[in-house]
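K.L.:
Take this structure, written in structure tokens, and hold onto it; I'll ask about it next.
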Amino acid sequence: MKISFPHMGTSHIAFKHLIEHLGHEVVPPPAPTSRTLDLGVKYAPEFACVPLKMLLGTYLEVLEKGADTIITSGGVGPCRAGLYPHLHQKILKDLGYDCKIIIFDPPLHNLKDFFSKINYIIKKGGKSWRQFWKEFKTSWLKLCVLDDVEILSHQVRPYELKKGSTTKVFKECLHIVDQAQTREEILDAKRICEKKLKEVPQDPSRNPLKIGIIGEIYVVLEPFMNMDVEITLEEMGVITHRSIYLTQWSRQNIIVNTEGSIYKTAYPYLKKKIGGHGINSIGETILYARNGFDGVIQVAPFTCIPEIVAKSILPEVSKDLNIPVLSLTIDEQTAKAGVQTRLEAFVDLLEQKRLHGGLNYARVSGH
């Protein structure tokens, strides 16, 4: 099979490793561009949120490159994202593409279905379950290393002396990790990358603001979708902490200094699971406030119901805990220059808040 999958942050590097070592040809998903989004917008329903459109554009691009199978995730509950793979398949069929989409819903929803799909991929590649388990562990290690290296880049960039130097080294690191094949090589790659990033010239005397990033998982993880919000802030001298990394999300969305369940944390403000990452956005904002962050930025797709619910509750959280929250709603009309202007204004607000001992309440929102 010629297999592809969504491009989401750096995770495609680990997924490529797994699929290749299971005996399949990989058609790597290209990093999203304006062309990708334009393709998705052209064929997707107008009311659909931007992840559906971007993923559709990605699938059209990999099908143009010869992919015949797409592996993606599904979902259950109120969030519409669980229906999107089925809609993608119908749209692609209507466009004349004869491809197979393998949808992995959460394992506990239907364990038998989950393992039958893994078995299908294993057998089609001529591998055994023993081989799968070995390659899965290696690929998981690579995914963990990718997350660790990215986290370190976010810690270094606010202190860099030359703007863009951390990003340049980080891109080199992604290539190094991509080339590593065995567990030993992957761990060596981690050590090399950490050394390279720590050697980036820095000014340790800076006292940067700290901003937490929350929101819908695809928009948070894919830099093109969120207009490079983390890099933009960090190159302004701000420390960012992203609430979601794929390895963390796979471990039940545990974040730094989590005090019990994220659902219990959010409970005073939101008492029901609303699908997507809506309840996480509330709980994580509370945790960021408790852990001394200066502000929080919510990034969410336009029409995303869970994040719309969260956005309506965040003013109360912001007021009660005295932590400013900026809500950025992303769609195909969003321009990077406009986002940057709003980020600059928000950072200025936080600096004034720090300088003058705190505003009682500050929140910026809008689309």
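K.L.:
Only residues that are assigned to a loop (DSSP other than H, G, I, E, B) and surrounded by 16 or more Cβ atoms within 10 Å (Cβ to Cβ): list them for the stretch 31-43, please.
P.N.:
Residue satisfying the conditions is P32 alone.
K.L.:
A follow-up question, please. Here are K210, K190: which of them is in contact with a His (Cβ under 9 Å, 6 or more places away or on another chain) and of a type in the set (K, R)?
P.N.:
K210
K.L.:
Right, next: In the list I118, I213, which residue meets the criterion of being touching a Lys or Arg at 6+ places or on another chain (Cβ under 6 Å), under 30 Å from T72 (Cβ atoms) and not aromatic (F, W, Y)?
P.N.:
Sole residue among the options that is touching a Lys or Arg at 6+ places or on another chain (Cβ under 6 Å), under 30 Å from T72 (Cβ atoms) and not aromatic (F, W, Y): I213.
K.L.:
Turning to a different aspect of this structure: With exposed (fewer than 15 other Cβ atoms within 10 Å of the Cβ) and over 25 Å from the mean Cα position of the chain (by Cα) as the only criterion, which of K171, K137, K127, K112 stands out?
P.N.:
K112
K.L.:
Take the residues of the stretch 1-28 that are without any contact (Cβ under 8 Å) to a residue 60 or more places away in the chain and in a loop (DSSP other than H, G, I, E, B): which is nearest to Y245 (Cα to Cα)?
P.N.:
Checking each candidate, the answer is P28.
K.L.:
For the stretch 170-223, what are the residues that are outside any loop (DSSP other than H, G, I, E, B) and within 30 Å of I274 (Cβ to Cβ)?
P.N.:
Result: K210, I211, G212, I213, I214, G215, I217, Y218, V219, V220, L221.
K.L.:
From the residues in the stretch 303-343 that are of a type outside the set (V, I, T), crowded, with 18+ Cβ neighbours inside 10 Å and not in a helix (DSSP H, G or I), which one is farthest from the chain's Cα centre (by Cα)?
P.N.:
P324
K.L.:
For the condition surrounded by fewer than 18 Cβ atoms within 10 Å (Cβ to Cβ), in a loop (DSSP other than H, G, I, E, B) and among the aromatic types (F, W, Y), what is the one hit in Y97, Y120?
P.N.:
Selected residue: Y97, the only one of Y97, Y120 that is surrounded by fewer than 18 Cβ atoms within 10 Å (Cβ to Cβ), in a loop (DSSP other than H, G, I, E, B) and among the aromatic types (F, W, Y).
K.L.:
Based on this model, can you work out whether F346 counts as among the aromatic types (F, W, Y), surrounded by fewer than 20 Cβ atoms within 10 Å (Cβ to Cβ) and touching a strand residue (DSSP E or B) at 6+ places or on another chain (Cβ under 6 Å)?
P.N.:
No: the conditions fail for F346.
K.L.:
Further, regarding this structure: Identify all residues within the stretch 94-114 that are free of Cβ contacts under 8 Å to residues at least 24 places away in the same chain and closer than 14 Å to S73 by Cα; write none if there are none.
P.N.:
Within the stretch 94-114, P107, L108, N110, D113, F114 meet the criteria.
K.L.:
For the stretch 44-74, which positions are out of contact with any Asp or Glu (no Cβ under 7 Å at 6 or more places or on another chain), outside any helix (DSSP H, G or I) and closer than 25 Å to H24 by Cβ?
P.N.:
Hits for the stretch 44-74 are K65, G66, A67, D68, T69, I70, I71, T72, S73.
K.L.:
Still on this structure, please answer the following. Looking at the stretch 306-338, which of its residues are of a type in the set (A, V, I, L, M, F, W, C) and touching a Lys or Arg at 6+ places or on another chain (Cβ under 6 Å)?
P.N.:
Of everything in the stretch 306-338, just one residue is of a type in the set (A, V, I, L, M, F, W, C) and touching a Lys or Arg at 6+ places or on another chain (Cβ under 6 Å), namely V325.
K.L.:
Only one residue in A345, A335 is within 16 Å of T232 (Cβ to Cβ) and at pLDDT below 95. Which one?
P.N.:
A335
K.L.:
Can D147 be described as in a helix (DSSP H, G or I) and under 30 Å from F115 (Cβ atoms)?
P.N.:
Spelling it out, D147 is indeed in a helix (DSSP H, G or I) and under 30 Å from F115 (Cβ atoms).
K.L.:
Let me ask something additional. Only one of these is part of a helix (DSSP H, G or I), closer than 27 Å to G57 by Cβ and in contact with a Cys (Cβ under 8 Å, 6 or more places away or on another chain): T167, T232, T247. Name it.
P.N.:
Criteria check complete, one pass: T247.
K.L.:
Against the condition over 18 Å from P223 (Cα atoms), in contact (Cβ under 8 Å) with a residue 24 or more places away in the chain and under 18 Å from the mean Cα position of the chain (by Cα), how does S281 come out, does it pass?
P.N.:
So S281 passes the test.
K.L.:
Within the stretch 75-94, which residues are among the small types (G, A, S), within 25 Å of I122 (Cβ to Cβ) and in a helix (DSSP H, G or I)?
P.N.:
G82
The values are calculated or read from the model by the stated rules, or taken from the named source; none is laboratory data. Only a predicted model underlies this, so the values are computations on that prediction, with no experimental measurement involved. Cβ coordinates were reconstructed from backbone atoms using ideal geometry, including for glycine residues, and neighbour counts include every protein chain displayed.
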